[in-house]
1. Given (1) assigned to a strand (DSSP E or B); (2) in contact (Cβ under 8 Å) with a residue 40 or more places away in the chain; (3) open to solvent by 60 Å² or more (accessible area, probe 1.4 Å), where does E224 come up short, assuming only one miss?
2. What is the one condition in (1) open to solvent by 30 Å² or more (accessible area, probe 1.4 Å); (2) modelled with pLDDT under 95 that R229 does not satisfy?
3. Just to check your reading of the model, which residue among R174, R189, R137 is charged (D, E, K, R) and either without any contact (Cβ under 8 Å) to a residue 12 or more places away in the chain or under 19 Å from E224 (Cα atoms) (or both)?
4. Might you check whether a residue that is assigned to a loop (DSSP other than H, G, I, E, B), closer than 17 Å to G155 by Cα, in contact with a strand residue (DSSP E or B) (Cβ under 7 Å, 6 or more places away or on another chain) and open to solvent by less than 70 Å² (accessible area, probe 1.4 Å) occurs anywhere in segment 190-198?
5. Residue check, T115 against (1) of a type in the set (S, T, N, Q); (2) more than 25 Å from G204 (Cβ to Cβ); (3) modelled with pLDDT under 90, all met but one. Which one?
6. Tell me, which residue of segment 54-110 that is buried (at least 18 other Cβ atoms within 10 Å of the Cβ) and polar (S, T, N, Q) is nearest to F163 (Cα to Cα)?
Amino acid sequence: MRTATFLLSVLLAVPAASAQTANPASGTVRGIVQDELRRPLSNATVWLQIRRANEKDRPRPFHQWTKTGSGGQFQFSGVPTGRFILCAQLPGSDLVDSCQWDSQPPSVVVSGAATVNVPAITLQKGYPLRVRIDDPRGDLSVQELRTQGAGVRLGVWTPTGMFVPLALRYKEPRGEEHEAVVPYRTPLRLLAQGQRFVLADERGNAIDNRQGLRLPLVIQPGKEPKLIRFEVRGVEKP
């Protein structure tokens, strides 16, 4: 299963300094990151990853990441010849990751020692989708410590089949809240699945742990959903 966090975890494992390591036979990629009003976004994270040009192509793995400057600008040096995708994200904002939701993310072709100036990467405004897991008896907190694999799986399926997990916002003894910034006017499916727990929806209906609840969502401007809630009703029997 592809997850949106896989690309991020792989790319962030590469030291940022590698984005500045150049050699005479390599190229340079430059660009800016902006919002929908064309305002430059500083401190955005930008990733560059090589992709196959065709089914027979077997390029050597290559990926770098960097941060944008005060004017939204970024630069990658030491880039080999090949086809690459560019992804951008502004952590802690309500702007949508340019690669999580786009089936055709920005791409660039580098040849030799050329400098390539890419079109501006525009991050669209999204909606912070929030889900609350109520845990009135404290079962979740206790069993997560006692039982390996216990928890609640929360995430959103994108139209392209990618699974985006909801990030934990906070946790307290009687529940926890999760969040993901999702795009507007896009068909989504929210997944809620208990793992070793009996989970119920807002109406009190039990959720089958084998399949989980897959809730269709389309976020419309001005009609954003309220906080979505689920409740832990106990520990699943062996």
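The values are calculated or read from the model by the stated rules, or taken from the named source; none is laboratory data. The shown structure was predicted, so the numbers you read here are calculated from the model rather than taken from an experiment. Because the Cβ atoms are built from the backbone with ideal geometry, glycine has one as well, and the counts that use them run over all protein chains shown. Heads up: the accessible areas ignore ligands, DNA and RNA and are worked out on the full protein's heavy atoms, side chains in. Shrake-Rupley method; radii C 1.70, N 1.55, O 1.52, S 1.80 Å.
1. Going through (1) assigned to a strand (DSSP E or B); (2) in contact (Cβ under 8 Å) with a residue 40 or more places away in the chain; (3) open to solvent by 60 Å² or more (accessible area, probe 1.4 Å) one by one, E224 breaks only (1).
2. Of everything listed in (1) open to solvent by 30 Å² or more (accessible area, probe 1.4 Å); (2) modelled with pLDDT under 95, R229 misses just condition (2).
3. Only one candidate qualifies: R189.
4. No, segment 190-198 has no match at all.
5. (3)
6. Q100
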